[in-house]
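J.: Take a look at the following structure, please.
Please treat every number below as a calculation from the coordinates, not as lab data. If you're wondering where the values come from, they're calculated on a predicted model, not measured in any experiment. Glycine gets a Cβ as well: all are built from the backbone with ideal geometry, and neighbour counts include every protein chain shown.
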Amino acid sequence: MIEIGLFFLLLPLAAWTGWMAAKGQRSRRRKQGSLLSSQYFRGLNYLLNEESDKAIEEFVKLAEVNRNTVDTHMALGTLFRRRGEMDKAIRYHKHIISRPNLDDEQRERVLFELAMDYMRAGLLDRAESLFLELTDSDFMAGRARRHLLDIYQQEKDWLKAVEQAQSLHLRDGTADVGLIAQLYCELADEALIRDDLESATQHLRQARRYLPGIGRARLIEGRIAQNSLDFSLAADCFREACERDPDLLVLCASELVECHRQSGRMPELMEWLRPDSSRPDSNASVLLLARLTAESDPERAAHLLLEGLEKRCTVRGLEYLMELLNTHELGLSDVGPQLIRDLMQRLMQGQPVYRCEQCGFSGTTHHWMCPSCRSCNSTRVIRGVLGE
Ligand SMILES: [Zn+2]
C-alpha cells in the first residue's frame, strides 16, 4: 500500500509533464489543474478505502497515457505485479498498450511488462507468445529471449530452450556454455528413452562442442553403449565419466559394476576403485570396493572399510561396517568399543551444535545475539542425526 501511495504522490508530476509538452493554452491548463486535484483526491480516497479498482479508474482518467506519462503508468502496473495483484497488473498494462500514441520502443516495453505479468500468473503460453513477438525487437530481444529460455526450461522443452540459449550466446555471450551443454544432454537423454541412439549421439557431440570435458555426456554415451550391448565400451565410458566428475560414481555405480561384470573386467574395476591420491577425497569408491570385495572375502572388505573410515568417517560407511560385521558374524580383533568410539568422535568433529533460526548461521558456540544477522535469542540447538 505504501508503494502505491508513494506512486500517487508522483501522479500530478507525471500529468503536469504531459500537459506541458502538449503546449496547451494557459486557461486550459488551469481548468485541467483543478480537474487534476479533484480526481487525484478522489483516487487517493479510493486507495485509502482499499478500493483499488476505482482508484485505477480515477488514475487513468487523471493522466492520459501518452509518450510523456507512459513510464509512470508502467510503474504502477509493475507495482501491482510486485504486490501479486496479477489481474490488475494485466488489465492495466493492456490498457496502456491499447493507447494509439505510443512509439515502438514504448509499445515493446509495455508488451514485455505484460508478458512478465502472464509469466508471474503462471500463464506461460501467453507469456511465451508475447516474448516471441519481442525476439525481433531492437530494445527488448535479449531480455525476452532470457525469459523464453526460462519458460522452455520449466516446460522441459529442451529443443526450444537450446535454440534460445544459442541465440543468446551468439548475441552477447549471456547464456553460459555449461547450460547449453546440459540442455544437449537433456535432449540426448530423451532420445535414449525413445531408443533413438543416432540422435542421442548427435546431441552429445553438440554438448561436447560447448563443454569438451562434460562428464554427463560420457555417462550417457556409456548408457548408449550398454543399450547396444557393447559392455566393454560402456565400462570405459562410465569410468571416464567418473574421472571427469567424481560425484557421478554414486549415480552410476550399479551400471558401472554391471558392465564390468558383463565384459569380464571385474578385477580391473576393483583395481580402479582402490584409493588413489589422484582422485578427490570420497568414500563412494571405498564403499563400492568394500561391497564388491565382500562378495568373496567379507573380512578383507571390513578392513578396507576401516582404512577408509579412518581417513574420512561417514555415517554411511559406519553403517555398512556394522552391517558387514553383523551379517558375516565377523569378530575382528581390532573392532572394539574403543574403535567405534573413535570413529564416532571423528564423525562429530567440527559438526555445528547451534544454528540461528533467522539466517542459518551455525557453529559450536552459543550466541545470545547472532553474530551474522544480529537477531536476539534466535540461536537454537540443532536436532537431527548429528545434533542433540
Ligand atoms: Zn542469524
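J.: With 10 Å bins from zero, work out the P(r) of the range 321-379 over every alpha carbon pair and list the percent per bin.
T.: All Cα pairs considered, the percentages come to 21, 28, 17, 18, 14, 2.
J.: Moving on. Given the options Ser378, Gln351, Cys313, identify the residue whose Cα lies farthest towards the positive end of the charge dipole of the range 304-388 (+1 on Cβ of Lys, Arg; -1 on Cβ of Asp, Glu).
T.: Ser378
J.: So, one more: Tell me which trypsin sites (Lys or Arg not before Pro) from the range 313-388 have a DSSP coil assignment and no more than 16 other beta carbons within 10 Å of their own. Please list the in-between numbers first.
T.: Values: sites: Arg316, Arg341, Arg346, Arg355, Arg374, Arg380, Arg383; in loops: Arg374, Arg383.
In loop regions of the range 313-388 (DSSP not H, G, I, E or B), the sparsely surrounded trypsin sites (Lys or Arg not before Pro) are Arg374, Arg383.
J.: Determine the gain in length on full extension of the stretch Asp245-Ser362; use 0.36 nm per residue of separation and subtract their C-alpha separation, reporting nm with one decimal.
T.: On the way: separation 117, 0.36 × 117 = 42.12 nm, distance 2.93 nm.
Taking 0.36 nm per residue and subtracting the Cα distance, the gain is 39.2 nm.
J.: Counting residues in the range 169-222 as N, plug N into 2.2 N^0.38 Å and put the Cα Rg over that result. Walk me through the numbers on the way to the answer.
T.: Numbers: Rg = 11.1 Å, N = 54, 2.2 N^0.38 = 10.0 Å.
My calculation over the Cα atoms of the range 169-222 gives 1.11.
J.: Send over the semi-axes of the range 131-195's equivalent ellipsoid, whole angstrom and largest first, taken as the square roots of 5 times the C-alpha gyration tensor eigenvalues.
T.: Working: eigenvalues 109, 31, 12 Å².
Listed largest to smallest, the semi-axes of the range 131-195 are 23, 12, 8 Å.
J.: In Å, the Kirkwood hydrodynamic radius of the range 108-218 over pairs of distinct alpha carbons? Show your work: numbers first, answer last.
T.: Details: mean 1/r = 0.0685 Å⁻¹.
Answer for the range 108-218: a Kirkwood hydrodynamic radius of 14.6 Å.
J.: What net charge do the residues around Ala294 carry, taking every other residue with its C-beta under 10 Å from that of Ala294, with Lys and Arg at +1 and Asp and Glu at -1? Walk me through the numbers before you get to the answer.
T.: Working: positive: Arg291, Arg300; negative: Glu295, Asp297, Glu299, Glu323.
Result for the local shell: -2.
J.: Across 10 Å bins from 0, what is the distribution of all Cα-Cα pair distances for the range 199-306, in whole percents?
T.: The percentages, shortest bin first, are 15, 43, 30, 9, 2.
J.: Here's another thing I want to ask about it. Only counting other Cβ atoms within 10 Å, I'd like Tyr46, Tyr320, Tyr92 sorted with the fewest neighbours first. Working shown, then result.
T.: Numbers: Tyr46 18, Tyr320 22, Tyr92 26.
By the 10 Å Cβ count, ascending, the order reads Tyr46, Tyr320, Tyr92.
J.: Moving on. Quick one: which residues, 5 or more positions from Arg380 or on another chain, have an amide H under 5 Å from its amide H? H modelled 1.01 Å from N in the peptide plane, none for Pro or chain starts.
T.: Arg355, Cys356, Glu357
J.: Let me ask something additional. Tabulate in residue order the Karplus-calculated ³J(HN,Hα) for the range 234-249, using 6.51 cos²θ - 1.76 cosθ + 1.60 with θ = phi - 60°, rounded to whole Hz; enter x for Gly and Pro.
T.: Karplus-based 3J(HN,Hα) across the range 234-249 equals 4, 4, 4, 4, 4, 5, 4, 4, 5, 5, 6, 9, x, 5, 5, 4 Hz.
J.: Right, something else. For Gln338 paired with Thr201, estimate the spin-label separation in nm (one decimal), with each label point 7 Å from Cα along the Cα-to-Cβ line.
T.: Placing both labels 7 Å along Cα→Cβ, they lie 6.1 nm apart.
J.: Compute the separation of the alpha-carbon centres of the range 318-377 and the range 123-197 and state it in Å as a whole number.
T.: Cα centres, the range 318-377 to the range 123-197: 44 Å.
J.: In 10 Å bins starting at zero, report the fraction of Cα pairs in the range 235-388 per bin as a rounded %.
T.: 10, 30, 26, 20, 11, 3, 0
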